[in-house]
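Laboratory data are not the source of any read-out in this text; all were calculated from the coordinates shown. In this text the structure is predicted, and so the values were computed from the model without any measurement. Cβ placement follows ideal geometry from the backbone for every residue including glycine, while neighbour counts extend to all protein chains displayed.
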Amino acid sequence: MRRYVTADWPLKRTLCVLAIVVFAVQWRPRADQIPPGWTADNMTAVGYSDLDGRGGAFKMAIKNVGDKWYLYMGHLWHRGWTIVDVTDPTAPTMVKFIPWPQENTWTLQMEVHGNLMITALERAMGSGWGGDPDKPFDEGVVIWDLSDPVNPTQLAHWKTGSTGTHRNGYPGGRYAYLAANMPGFQGYILVILDISDPRKPREAGRWWLPGQKEGEPPIESGIPGVPNGLHGPAIIDGNRAYLGYGPAVVILDISDVSKPEQIGRLDVSPPFGLGMVAVHDVLLIPGTSLLFANSESVAGDSPASASCDEPALMAALIDIKDPTSPRLVSLLPTPRPADDAPYRSFCDKGGRFGPHNTNLGYHSPDVEPQGNLLYVTYFNAGLRVFDIANPRMPREVAWFIPPTPPKRVGPIPSGRLVTQTEDVLVDRRGYVYITDKQWGLFVLRLTGR
């Protein structure tokens, strides 16, 4: 194809073509510079957005509409949600920020399926996180219509009557599965919400671990004095729900959503983890009888709480071939620093170290189908990628650590300022998105083997 103007073209036509080219170049979205100083093995950074200065984005969901790709993001230090155009992953472009008016409210969590978005509201955490237990807050879930993907329309606001919901699951269809704090219960329980009419959501069923309800005997397993409950999201496969539930992995029969029944349970705490994050979340591995489950690190947020000063954390593969008797298969290897790192282990780096989130958009056609690679965020160790083709011998095959933040955006960690990578999402094009307590949005790709 010729890229020059021939001599017999009229001058006006030539000038018109040049004007169009200049206009297109001028209006091409300007990409934010990728912050220098990141380190990686078999991964590279391809794009970055500072989200208009709103560092501390949290959970993510993605939606492909025609030739456009939109990323939806919750926030830790800001009340509301961000929409980013990631059609060109090398130049993620802010579309808009949707503010939520009530102070003292967390807007961390979100789920998208089809044209519905479910966003969680809960009382903001105190103890250095910026929340105040004595101030008003909003709670529950907000249901949005995404028929216009860049202009969500609020359809309903369902409330728990307590402190709100945490990480909720919506795999499409009639029901949303909430980790909800309900009156009369300690910690979060599973609430199944009928949203067949998204303007009029109603509770369809609930399930809790015996001992959570007021008046019941205390929970038998777990750490005394540490609240137990559902972290979420519930992972739904047909008539079964798989839950990371306090001290245990729980499998439920939900063929009758009004009366969920426990099928199987694997208690892991003790020895692993604490309270409701001893099992933070779970993930089915399609085509196998395996479930991935992990704890969440909680130590290292303050100078008085040293990193790793907690029970051992779990990142494990679990055999659910017999759902009535789940059993541990293997543990993922503990990430180790590069040989030239200025610390011997990530426990010496500062902040939290340990597993947190995985690529959980299993129900979305726009998320990379789960295969032999597990993407797990590890706070100060960034993102780690594990090959589980041999489930008895999982191995780390790639990692990415954002640079040390140059300035403080949010109050956590209150001690040494280090990167704290939070969430990960991988789209079906193979682009990997990560969020961090202090940074904006990093876009990554796997390289090498």
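Basic side chains Lys and Arg get +1 at the Cβ, acidic Asp and Glu get -1 at the Cβ, and with that the dipole of the chain about its Cα centre reaches some 1220 debye. Gain on full extension, evaluated as 0.36 nm per residue between R416 and S127 minus their Cα-Cα distance, stands at 102.3 nm. With a Förster radius of 41 Å applied to the beta-carbon distance between D348 and D253, the computed FRET efficiency rounds to 0.35.
Ignoring aspartates and glutamates fewer than eight residues from K259 along the same chain, the ones with Cα atoms less than 16 angstrom from its Cα are D194, E203. Would you work out if the range 205-353 is rounded, prolate or oblate? Take a ≥ b ≥ c from the square roots of the eigenvalues of the alpha-carbon gyration tensor; rounded if a/c is under 1.5, else prolate when a/b is larger than b/c, oblate otherwise. Oblate shape, in that a/c is at least 1.5 and b/c is the bigger or equal ratio. Treating r as the C-beta distance of Q33 and Q102 and R0 as 51 Å, the FRET efficiency rounds to 0.90. Under 15 Å from the 7 Å Cα→Cβ point of K407, by amide nitrogen: which residues of the range 37-77? In the range 37-77, the label zone of K407 (backbone N under 15 Å from the point 7 Å along Cα→Cβ) covers 50-56. Spin-label model, N372 to N390: label points 7 Å out along the Cα-to-beta-carbon direction sit 1.1 nm apart. Relative to the longest principal axis of the Cα atoms of the chain, the long axis of helix 11-26 makes an angle of roughly 20 degrees. When you count the other C-beta atoms within 10 angstrom of each residue and take the mean per peptide, 158-164, 330-336, 341-347, 356-362 line up highest first as 356-362, 158-164, 330-336, 341-347. Modelled spin labels at E261 and R202, positioned 7 Å past Cα toward Cβ, are 2.5 nm from each other.
Pairs exceeding 30 Å between alpha-carbon atoms, taken from K96/K349; K63/K437; K135/K349; K68/K135; K96/K159; K68/K321: K96/K349; K135/K349; K68/K135; K68/K321. Think of it as helices only: each DSSP H run of n ≥ 4 in the chain is worth -39500 (n - 2.57), and spread over all residues that comes to -1000 deg cm²/dmol at 222 nm.
Mind checking which of S289, A248, M314 is farthest towards the positive end of the range 235-347's charge dipole, using Cβ charges of +1 (Lys, Arg) and -1 (Asp, Glu) about the Cα centre? Positive-most Cα among the choices belongs to S289. Here the simple spin-label model places points 7 Å from the Cα toward Cβ, and for R174 and S147 these points are separated by 2.3 nm. For V329, the shell of other residues with beta-carbons less than 12 Å away shows a net charge of +2, using +1 for Lys and Arg and -1 for Asp and Glu. Under 17 Å from the 7 Å Cα→Cβ point of R429, by amide nitrogen: which residues of the range 31-58? Under cut-off, by backbone N: 31-32, 44-49. Between S414 and S302, the built amide H atoms are under 5 Å apart, and every one of these is 5 or more places off in sequence or on another chain.
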